[in-house]
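First up is the structure itself, then whatever we jot down about it.
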Amino acid sequence: MAFVDPRWVLPALVMASVACSDPVRPTPAEPGMDVIIDSDPSGADVVLDGIATGQTTPATLSGLTATSHTALLSADSNGVRYEVSVSFVPSTDSVTSFTAPLGFRCFGSPCGGTEHTAGDLRFFTRPNGSLLYAGGNQELFWPASSTQNFYVAAGMPMFVGIDSRGDTAAIGQYDGTMLYGRPAREIEEAPFALRQSAWYLPPAAVASMNVSRGIRGIEVDEEVIGGPEAPDALLLRLTFTNVTDQPAYVLADPLATGSISYSDVWIGFALDADVGVSEDDLVGYDADPSRRMAYIYDSDFSEASFSPDWSARPGLIGIRVAEAPAGTSVRMNAWPRVLDWKANALRALEVGGLGFAAEPSGFAWVTASGARDVHPDPAIGIQPTAVDDYRIVVSAGPLSLAPGESASVAVLLAIAEPTPGTFVSGTPVAPGDPADTGRPLFAIAAGLRDAFVAAEALLTR
């Protein structure tokens, strides 16, 4: 039999400690015992007690004693080293056999971050599953070839829901330590395509905590598409699968034994967009169901940190749900940095408006689900009116994910310059009502709407 003690100890690469043994018996150590060890996926090099065995998984380790041994399994996949450290005690009366999942966990920077160019966008990704993130707070540049104008601090697939115990579980754009990257990562440069997957698997420090960010047992398959047909946009295809019934996952996370189901689930993408210096930004929405988008713009369209040809016309950056599961609704929301994932944070934003139920919902779930009734359009959540450093999220739901079930969402990200002749650089522009097509911001954001239309061509790739 086998069980897992998930202890990751290295800051850059994952080291999952797996203890595998039969029940303790009062018998002396005996030489000659065998252990059959495999990895998921197979083909990993095996180092036993610090000594290379020359074997790759699946492998049989012979002549062992009934004392504790440690095997380090490791394999390269597209330039990334995936590892798992396995501690076990052979059985004295049977052959011990187990399969350990290879993975990549990140606790610092740059953690394998790689730079890519797609069309006119230059951006970073990590093999642990963090998209648009490397750790330097300048993770996406536009235009790519001629400037250092940065627009993103972080972006990551977002999953929120209520688990089988009734606890709110969520993951947001800065929860990269909750991700366990899985082999194999595929990258094509022309036209650009990236495919990778990761598990939401809490590290040992939070593995048993019932906290709002304690998501577990969800695999996210990520596909990032970009190219000349939409040079100012990216397509993010995200598929979320409940893997709490898969043996490889349960071995890494024994708390998932018995499976976990999720209800009231919302899936999407959270983005910390910064138009240069972040503290003077504002949030805009488009309420039309055919072009719903949430975006961030420099409040007065003047950004001294940008190159001279762009400092008086910094772009607008937005996200929108392009494809959602049948029967779900689209939600858009925003919040300032100071309220990141804090309980009841949306209540603090209301200033007398209608509230949300404070019980088990927490900030992340409410933000993604739009569970508040402020704007007449239920797709729109908070509409900030004061300049700040904001995050935005688009999502689709609600849905349920039982073990083995999947749900997918396609999110488009686009950047565009403000429409010439519709603004004066240095003059603040208020967001206005997202349903009012006569507001100044609606005209200013015409180019962004056009960029999203062009981005729909990526859906056919």
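Spatially, region 242-321 and region 101-140 are offset by 15 Å when compared through their Cα centroids. Run the quick spin-label model on ASN78 and THR65: label points 7 Å from Cα toward the beta carbon, then report their separation in nm to one decimal. For ASN78 paired with THR65, the spin-label model returns 4.5 nm.
Our coupling estimate for region 290-297, obtained by passing each phi through the Karplus curve with A = 6.51, B = -1.76, C = 1.60 and θ = phi - 60°, is 7, 9, 4, 8, 10, 8, 10, 9 Hz, Gly and Pro reported as x. Taking label positions 7 Å along the Cα-Cβ direction at both LEU255 and THR422, the computed distance is 4.7 nm, reported to one decimal. Take the Cα of ARG195, step 7 Å toward its Cβ, do the same at THR53, and the gap between the two points is 3.1 nm.
For SER97 and SER164, a Förster radius of 35 Å and the Cβ-Cβ distance give a FRET efficiency of 0.75, rounded to the nearest 0.05. Here the contact order of region 377-451, divided by its residue count and restricted to Cα pairs under 8 Å and six or more residues apart, works out to 31 percent. Close amide H contacts of SER164 (hydrogens built in the peptide plane, cut-off under 5 Å, sequence separation of 5 or more or a different chain): SER261. Once backbone amide H atoms are built at 1.01 Å from N, ASP232 has ASP120 as its partners under 5 Å, excluding neighbours fewer than 5 places away on the same chain. Peptides 186-199, 102-115, 258-271 ranked from most to least packed give 258-271, 102-115, 186-199, packing being the mean of other C-beta atoms within 10 angstrom over each peptide's residues.
With a Förster radius of 25 Å applied to the C-beta separation of SER263 and ALA326, the computed FRET efficiency comes to 0.90. Of the accessible area of region 147-302, with the probe set at 1.4 angstrom, what percent is carbon plus sulfur? Answer for region 147-302 is 51 percent, counting heavy atoms of protein chains only. Kindly identify region 254-309 as rounded, prolate or oblate by the Cα gyration tensor criterion: order the square roots of the eigenvalues as a ≥ b ≥ c, call it rounded if a/c is under 1.5, otherwise compare a/b with b/c, prolate if a/b is larger, else oblate. Verdict is oblate for region 254-309.
Where only protein heavy atoms count, and the probe is 1.4 Å, what is the accessible area per residue for region 264-333 in Å²?
On the way: 1970 Å² over 70 residues.
On a per-residue basis, region 264-333 sits at 28 Å².
The values are calculated or read from the model by the stated rules, or taken from the named source; none is laboratory data. All figures in this text were calculated on a predicted structure; none of them were measured in a lab. Methodologically, a virtual Cβ is constructed for each residue, glycine included, from the backbone with ideal geometry; neighbour enumeration extends over all protein chains shown. Surface accessibility is based on the protein's heavy atoms, side chains included, excluding ligands, DNA and RNA. Shrake-Rupley method; radii C 1.70, N 1.55, O 1.52, S 1.80 Å.
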